[in-house]
Each structure stands twice: as structure tokens, then as C-alpha cells.
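Everything below concerns the one structure shown next.
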Amino acid sequence: NGVASFASNYMAWEGAQKCADILKLAGYNYGEKLYDAHHEKYPDWMIYGSETSSTVQSRGIYHFPMNVSVMADDDEQCSALGNCTTSWGAENVEYVIKAERDHDFSAGQFLWSGFDYIGEPTPYHTKNSYFGQIDTAGFPKDTYYIFKAEWTDFKKAPFVHVFPYWDFNEGQIIDVRIASNAPCMELIVNGISHGKKYVDHEKDAVLCPVWQVPYHKGCIEAVAYDEDGNEVARQRRSSFGDVAEVKYRRFNGTQNAAADADATGCGPELAFFEIYALDKDGNEVENANSRVNVRVKNGTLLGLDNGDSTDFDQYKCDSRRMFVGRLLAVAKASEGFGPEDVELELEIDKQDIPVRKIEICCANTEEHDIAPSQAAAPDGLNAAHFYPEHTKETIEARIHPSNATYRDIVWAVVNDFAVKSNLAVIEPDGVSSMTENEHETVVRAKLEAKGDGDFRLRCMTHNGTEKLQCISSLEFSASGLGTAYLDPYDFIAGSLYTDYKGDVGNGNEKGVATPRGDDSYVGYENIDFGEFGSDEITIPIFTLDSNEYEIGIWEGRPGDEGSELLLDGRYCKPSIWNVYQPETYRLNRRVRGVTSIYFTAKAKFHIKGFSFTKPDKAFSKVYATENSRIYGDTFTVEKDAVTGIGNNVTIEFDNMLFDGRRASKLTICGRSAAENNSIHLKLEYPDGESRVLLLEFVHTEGFEEKTFDVSSVDTSGCVKAGFVFLPGSNFDMKYFVFGE
């Protein structure tokens, strides 16, 4: 007796629209952008969002900055700030809300999803989804409060919710957000107001305002006001120390959960508990990850859950780590007892003490290339800024708690996308344990800036797992050092694109979902291929199906003057869900120097990134036009050859770098107009010495390859090769190649 409706991912296509037109009840999966056009085209349709959102977030995990969208980070977590998106889903929670709010002809929406659930892991290599507004343990994420703000009335039940928690590196720039159903919100940091922001919940695009403030130990407060400026709600979050004790409270959802359990035959005797941690001053430790051993009085422990999508511990257990300060315990009352009689006994596991926080700072003992004077340092800049007189800094990382079981530290220099940056390098400098008033573990490293721009220093640990955890970061910048170019022979992540046109989306593992359309592209600028370059590129690609996909590779922005299509290629492999499969392509020529690479596609697919094969110049085909220098009496440099080579012409090629390998033959492709051309092969070595070998290239009618025995000369240490044309020469040279 139900009404038949239509819920489709394909409402943009005519076939789906024909089906929907039969039923007149059209459900859109991630198709809110089609509402206006389809309502005008099909005014008799009843429209609703059959599946919306697919935003991804991990409860209590915050990766900065908020204005950069990354699907998942090195810890396989998705930032709860709202800056993680899927390639098909909404750009943020506010987009979903506005899509419903601003279309009064829409009947409503089914959010995907309310709760996290086991399966459909996104990111892929974990155990469950990140789509929920509530995690698998029943704890709400920050997005829960953004929805709550838009579906509740502040005049009846005002509330305010501020996030993130308040425990980061001193001076680190933090994006602070406030969700409230009230029309005005204020952020106060350590007693100082950072201003009020107003939200018209019926019209505004931004529903959850953002403040950027530096972290300083203390507290943040969010205050909500009505239209007349009267305070209606306030929330305070304070800094905290290490875990001193763990406690529990009855979970807010206990009564409803017990009723649901009774309805499903599980019985009303279930008790739900929220386990949390306090520091020595009684402050709640909101990023606690201690392992807690749990025993039950007057009942039986059924299981533990922390809501962490990356945690593969069994649910039926009596010991589990907290995740961002929370752990759920489910117990069943023993016969003769009710849920209210069930009690817990909690103990912190002393054998498994994970690192809760890594505190990064610049050491007091700075190392400078030149001790900078006050005048040398740019105004307002400190040790976190590098310039020509200050390119190095000693960094200290303090492990909290100091008695952590795990001391492995992983350093990384990344950009805002959490992708490896070439603007600086970090080198570990040993571990020092100091005992004064209390034990302290300090890890030091040397940070050296290499080029201009902003970057982030990261410090992480595995905490006894295979995955990186506990990401700590601090911002740095550099100026006056020059441009640091991308290295095409190292892997360039897809998310490093600097230019794009069209609907570009996030890909898994810091990749990019290509835009579709004839004039769309995604581009990567300031890539330094060197003077010799490369014509072989490898691209790991993931496609949603096994169809053939077109891929174009360009030097320069497509359509711009001087740009060139280097490959009109195809990709066709059996699709493996969320798995990148590499494909190698040969371009129509080598790409050299500092330039840009662009990709075009007719359909959307995912590129993890790309790398070029660095050719071994010493044993590669080298064209005469690719010389380092040419001089002499007469010659003409044409497109693919040097022609009319006459008396006393020398063509030199630097950076041959045979690296211990010895050539036995040399092939030259040339054309000899003279009966015989005498050519001196001159090999130069690092010590300044040189070897010369005479080659006789006899007359040819056209370009021909001729191979010469060069085994009598040791090429293994050669760094430069040159061709010296003797008197009487009349020669055209196309290329040469050494062989072993």
C-alpha cells in the first residue's frame, strides 16, 4: 500500500527523468543542484532529497586549516571542522541545509547518514563509514549541532556549541566554529572578545561562523544572544593536562536505547555508560586516548565502542582505548537487578599508554646561518619565519604524557593539503630525557627552509599501531629564499593542483577527482624537469567502472598560446573499488625546464598523482638540439637537428653522469655531405682531465645511424661529452646514444 517513488543517482540524465515522470515523485541522490531547473521543467513533480550530504567527519578530530578541503589525512581520519568532502557528496553541511531551506517545493531530505555504520568505509581502508552525524558509539559529532541549530527554536530551547576542544601548540592558528540556533554569537578567548557574528538562519549562506585565533593555554567561551543582545546560552571549553583518572556517567540515550532494545527482544535490562577522563585539576581531557580496563558489578559487560573508524579491536572486550575522550560501555543487568543497579569499575591500563599530544615549539637554542640582527629580521616575524639570514631552526617536540609507552616520532613537512612540501626539510636530532621537577621526554630536529611560501611542520606517532596517529602541526613561512620547484621525478600528489577549471573534487589518499567537460582541466605549475627532461609519466588512476576513459596531458594551460597536447591517451582497466592502478604513458616528446603539466578528461575519474621517469641521460637518446652549448664557424640549429656543421664547431653536453657505468659503443644519427667527416669525441671528467677519440663518419645520402666502438675509452666517470668537428666537415647531426 506504499506510494512508489523514485530515488536515483542519475537524475541529470534523460532516462532517469523519463522514469521519474511516470511516478511524479522524484527522489534525488546528491542532485540538489538540479532542483530549480527540474522544478521549472516538471512543475507537477513532487521533489525530495532521497539521499543527501555524504559529508565525512571523525568525531573530535581537527585538521587545520579549515579553508582547505582534504578527504582524509595520514591518520585516516576526516576533520570534524567540515573540511572533508567526497567527490560525489555535498561540499559541506551548510550546503545540504540551504538546499532544503531555499526550496519550498522540496518535501524534505534523507540525510546520508544519521549514524556511522560498519561497511562502506570512506576513506576506504578502514572498517566503517564516516558519513554520520553521530558515531557508532552514539556520541554526536560537531555537525550534529549544526543541524540542531537549524531545526530548533532558540526562543524555546536556546543552545550554543563551540569547537574544537582547546589543546594545541602555543601560537598555532586555530579555526574556531560556533553553532547556535540564536541569531548572534560571540567568541571569547582567555577573557578577550574576538567579536560577534550574526546569522540570519532563514537567508545566510554561512550558518556556523568561523574565527581564526592563535592558541594560548586557557579557555574559549561561546556566547549566544537574542535579537536584543540578551545572552541566551554560553559554553566554555578549557585547556587540560594529562589523564589523572577515568570516570563514567550514565549515557544520555540510555532510556531510549533500553526501550529500543526491549522492542527488538534484547530486553530492558541493558545499561549504557559514557566513560570519560579528568586531569589532576578536574578538567575533562577531551582528547584522551587512554586504554581503559572495564569490570561490571551487578551485571555483565557486553561490549565497548569508542566510535573510531580506524580501531579494529573487537566490540566484545573488556579493554579498549578511548577515542577523543570518550568510550561507550554496554552492560546487561544480572538477574534480580535493573539497569540502574549496574556499576562499573574502571582502571587505566599502565601497559598501554598512548601518546595523547605532541607539543611542538622552536627551541631556545636556535641555529642561524648568520646571527640575525634586529634590522635583518622582517618586521613582526619570529623564529617561525625564515629569511636569508635565518634558514635553520631547532625544533623541540614534547611527548604527553611523559611516561607514554610509545616514543616513536615521525616528522614531516607538508602544505595545507597535508601533502609533502618541498619548501623545507626536517632532520631528526636525537632524543633527550630530562629529569628536573618531573620527567620530560623531548625530541629534537633540525628544520631548514628551502624556498618561499607557507608550510606546516608535523610531528606524529604510531602509538603501537600500523597507522599514524596524534597529528600535531605548527605553521611556518619563508621569504627571500626564492622559488622551490616541484620535482617531477618524485611523486606529485593529485591534490597539489594549482590551477583548474570545472568541477574538481577530492580523491582518496590526497588525490583529485578530475573535472569533466571539453574545456575543463586540472593543472600543476612550477615543475622543474631539468635541462634534459622526461617523456614518460606514470599515473595511478581509479575509475568507478571498467569503461575506457580519455585522458589528455598538456604542457601549459589548454587553449593558451604556446600550450601543447603531449598525449591523447586512453585508460581502461577493470575497476577495483577505491584502488588506484598505475598506468604509464609515453609522451610525444620530452618535457624540459620549468613548466606546467595539465590534465583533461571527458569523464570524472580519480588521479592519485603522477611522477615522471628520470631518464639516464648517459644512455638515452640525446638530440643535438638539446646541447648545453654550441660554438664554431658555421652551423644552423633547426627543429630536430643541427645542420651545416662546418670547420671547428664544438657541440657540448653537460651532466652526462655515467655514474660508474662504462659504455662500449656510441651510435650517431647524422648525414655526411662530405666523403668523410672526422669527429673528435671528447669526454671530460670531474678532475678536469679529458679523453679524446677519433670517429670517422663516411658519406650518406640521408640521415643514417652509425655505431662506433668506444670501449678503448673509460666513460665510467665522465660528466661531459662533446663533439668537435675538424676542418673540412660538412655534417648534419640529429642525435646520439651511448650503449653498454
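The values are calculated or read from the model by the stated rules, or taken from the named source; none is laboratory data. Keep in mind that what you see is a predicted model, and the values were worked out from it rather than measured. Cβ coordinates were reconstructed from backbone atoms using ideal geometry, including for glycine residues, and neighbour counts include every protein chain displayed. Heads up: the accessible areas ignore ligands, DNA and RNA and are worked out on the full protein's heavy atoms, side chains in. Shrake-Rupley method; radii C 1.70, N 1.55, O 1.52, S 1.80 Å.
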Completion exercise
Computed from the beta carbon distance with a Förster radius of 45 Å, FRET efficiency for residue 91 and residue 343 to the nearest 0.05 stands at 0.45
Handout entry: Mean ellipticity per residue at 222 nm, deg cm²/dmol - from DSSP H runs of n ≥ 4 across the chain, formula -39500 (n - 2.57)
Key = -2000 deg cm²/dmol
Handout entry: Reach of residue 392 by Cα under 22 Å, taken over lysines that are not fewer than 8 positions away in the same chain
Key = 420, 446, 450
Exercise for the section: Over the chain, average the accessible area per residue using a 1.4 Å probe and give it in Å², no decimals. Expected result: 45
Exercise for the section: Give the carbon-plus-sulfur fraction of the accessible surface of region 451-515 in %, rounded to a whole number; probe 1.4 Å, heavy atoms of protein chains only. Expected result: 44
Completion exercise
Once phi for every residue in region 497-503 is put through the Karplus expression 6.51 cos²θ - 1.76 cosθ + 1.60 (θ = phi - 60°), the whole-Hz ³J(HN,Hα) values, with Gly and Pro written as x, are 4, 10, 8, 7, 8, x, 8
Practice task
Give a residue-ordered list of calculated ³J(HN,Hα) values for region 50-61 (Karplus: 6.51 cos²θ - 1.76 cosθ + 1.60, θ = phi - 60°; whole Hz; x for Gly, Pro).
Solution key: 6, 7, 10, 5, 6, 6, 10, 7, 9, 4, x, 9
Practice task
Report, in whole Å, the centroid distance computed from the Cα atoms of region 175-191 and region 118-168.
Solution key: 17
Practice task
Would you grab the residues whose amide H sits under 5 Å from the one on residue 291? Only those 5+ places off in sequence or on another chain, please, with H modelled 1.01 Å from N.
Solution key: 322, 349
Exercise for the section: Check each of the GluC sites (Glu not before Pro) in region 683-728 and keep only those in coil by DSSP with at most 11 other C-beta atoms within 10 angstrom; list them in order. Expected result: 689, 701
Practice task
Take the alpha-carbon centre of region 29-100, take the same for region 311-337, and report the distance between them in whole Å.
Solution key: 32
Handout entry: Listed pairs 614/734; 501/639; 467/510 exceeding 26 Å between Cα atoms
Key = 501/639
Problem - Listed candidates (1) 124, 71, 43; (2) 110, 78, 54; (3) 79, 55, 50 - label of the one calculated as Cα extents along the principal axes in Å - result: (2)
Practice task
Would you kindly derive the ³J(HN,Hα) couplings of region 588-604 from the backbone phi angles with the Karplus curve 6.51 cos²θ - 1.76 cosθ + 1.60 (θ = phi - 60°), listing them in order in whole Hz, with x for Gly and Pro?
Solution key: 6, 6, 6, 9, 10, x, 8, 7, 10, 10, 10, 10, 10, 8, 7, 10, 6
Problem - Cross-link partners of residue 41 among lysines (Cα-Cα below 20 Å; sequence separation of 8 or more within a chain) - result: 18, 24, 33
Practice task
Mind checking the full-extension length gain between residue 46 and residue 200? Use 0.36 nm per residue of separation minus the Cα-Cα distance, one decimal, nm.
Solution key: 52.7 nm
Practice task
Round to the nearest 0.05 the FRET efficiency obtained for residue 690 and residue 665 when R0 = 22 Å and r is the Cβ-Cβ distance.
Solution key: 0.65
Handout entry: Long pairs among 247/357; 98/156; 155/280, criterion Cα-Cα beyond 28 Å
Key = 155/280
Problem - Sites matching trypsin sites (Lys or Arg not before Pro) across region 393-492 that sit in DSSP coil, with at most 12 neighbouring C-beta atoms within 10 Å - result: 407
Practice task
Give the peptides 655-662, 134-141 in descending order of average Cβ contacts within 10 Å, highest first.
Solution key: 134-141, 655-662
Problem - Whole-angstrom gap from region 3-18 to region 667-705, using each part's C-alpha centre - result: 70
Practice task
Report, to the nearest whole %, how much of the accessible area of region 69-222 belongs to carbon and sulfur atoms, 1.4 Å probe, protein only.
Solution key: 55
Handout entry: Sulfur and carbon atoms: percent of accessible area, region 584-740 [1.4 Å]
Key = 46
